[in-house]
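The values are calculated or read from the model by the stated rules, or taken from the named source; none is laboratory data. Quantities reported herein were computed from a predicted structural model and do not represent experimental measurements. In this analysis, Cβ positions are derived from the backbone assuming ideal geometry, glycine residues included, and neighbour counts consider all displayed protein chains.
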């Protein structure tokens, strides 16, 4: 039995998210929430909200025990990139790439 949560098109680079999700992989949910709360990264707020959603899904939809849950899988894939342009010298332009992420969390119960 597993509980899932996913956020699509999060406006943060997958590279920045992977730094944070590597900290919580294979940890109990209580420990993972503590780590996310005290990690000074922009991605930690998004991942913390997603982890709370996965915990709620496990408790309400699958009748799982919250005390036994751990982060079995967590991954961030690249979403579509928003392309913007800003002016440069001599009438030319430079490209800004605003990257997006699809972040997924899978929780399972410890046996």
For residue 53, indicate whether it is surrounded by fewer than 20 Cβ atoms within 10 Å (Cβ to Cβ), closer than 15 Å to residue 105 by Cα and modelled with pLDDT of 95 or more. yes
Residues (surrounded by 13 or more Cβ atoms within 10 Å (Cβ to Cβ) and part of a strand (DSSP E or B)) located in the range 96-111: 101, 102, 103, 104, 105, 106, 107, 108, 109
Subset of the range 12-53 [in contact with a helix residue (DSSP H, G or I) (Cβ under 9 Å, 6 or more places away or on another chain) and touching a residue at least 60 places away in the same chain (Cβ under 8 Å)]: 12, 13, 17, 21, 28, 29
Looking at the range 77-95, can you tell me whether even one residue there is over 25 Å from residue 16 (Cα atoms) and surrounded by 13 or more Cβ atoms within 10 Å (Cβ to Cβ)? no
